[in-house]
Amino acid sequence: MGTKYHQLFHNNQKWVQKKLQEDVHYFQKLAKGQSPEYLWIGCSDSRVPANEITGTQPGEMFVHRNIANMVVKNDMNLLSVLSYAVEVLKVKHIIVCGHYGCGGVLAAMSKKKYGLIDNWLSHIDAVYKIHHNELDAIEDQEARFRRFVELNVTEQVNGLCRTSIVQNAWKAGQDLQVHGWAYDIHDGLLHDLGFTFSKMEEQVVLNQFE
């Protein structure tokens, strides 16, 4: 059991060999830099690998993951990633992707106490409080859970659009869109939740959730 992690090195070597067989210059090209068009803000859940489920290759997607794909206004990790992606890499699309079956959302929904993580879950709990009328009206527990995942994504998209980083990019005329998606672990499919915003809809974004 103690040496099981060595399998990861073996897997790595096999992956390198495979890539070199496909393109002998593969790693030389990667080493020259990255120019991704996408920033993915997703959940840390090990079942939701951003590159794999979107079919993107290394260098095509900049990725930030945390529990329940949250956009917290004082999270310097998230803001640093966002700043670099928008201001330096000039990504054209930011995708906030939640997923059905999210443990973080379920934990917040349960109202149980888990310890240190409760500090983070409080941000998710705040989303429930905003939408409690709609969510409490859903009798089926699983349906309520799925809807909570979707509403959490919409609130994170809203918060993302309110950041000075995104606002300044739009004011400068930068080609930038923000999207809200959900991934279904049960069938592997991505779902567009219909929340795509750009500079043209800037004021709509700011007013829609107030």
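Bear in mind these aren't lab numbers, they're just calculated from the coordinates by the rules spelled out. Note that the structure is a prediction, hence the values are computed from the model and not measured. Using ideal geometry, Cβ is built from the backbone for each residue, glycine included, and neighbour counts are taken over all protein chains shown.
Antiparallel DSSP bridges in the chain: what percent, to the nearest 5?
25 percent
Any chance you could get the radius of gyration and Dmax over the Cα atoms of the chain, in Å?
Final numbers for Rg and Dmax: 18.9, 58 Å.
If you average the sequence gap of Cα pairs under 8 Å that are 6 or more apart and divide by the length of region 85-150, what percent do you get for the contact order?
Rounded, it is 40 percent for region 85-150.
Where in region 90-184 are there GluC sites (Glu not before Pro) that are in a DSSP coil and have at most 16 other Cβ atoms within 10 angstrom of their Cβ?
Taking region 90-184 and a limit of 16 other Cβ atoms within 10 Å, the loop GluC sites (Glu not before Pro) found are 139.
Could the peptides 179-187, 165-173 be put in order, highest first, of the mean number of other beta-carbon atoms found within 10 Å of their residues?
179-187, 165-173
Note down the magnitude of the dipole of the chain about its Cα centre, charges +1 on Lys and Arg C-beta and -1 on Asp and Glu C-beta and zero elsewhere, to the nearest 20 debye.
Computed about the Cα centre, the dipole is about 800 debye.
Give me the distance between the Cα centres of region 25-72 and region 134-179, rounded to whole Å.
19 Å
What list of ³J(HN,Hα) couplings, whole Hz, do you get for region 24-35 from phi and the Karplus terms 6.51, -1.76, 1.60, once you set θ to phi - 60° and write x for glycine and proline?
5, 9, 3, 6, 5, 5, 4, 5, 6, x, 10, 9
How would you rank 105, 24, 16, 157, going from fewest to most other Cβ atoms within 10 Å of each one's own Cβ?
Arranged by neighbour count, lowest to highest, 105, 24, 16, 157 become 24, 16, 157, 105.
Under 8 Å for C-alpha pairs, at least 6 residues apart: give me the relative contact order for the chain, rounded to a whole percent.
Value for the chain: 20 percent.
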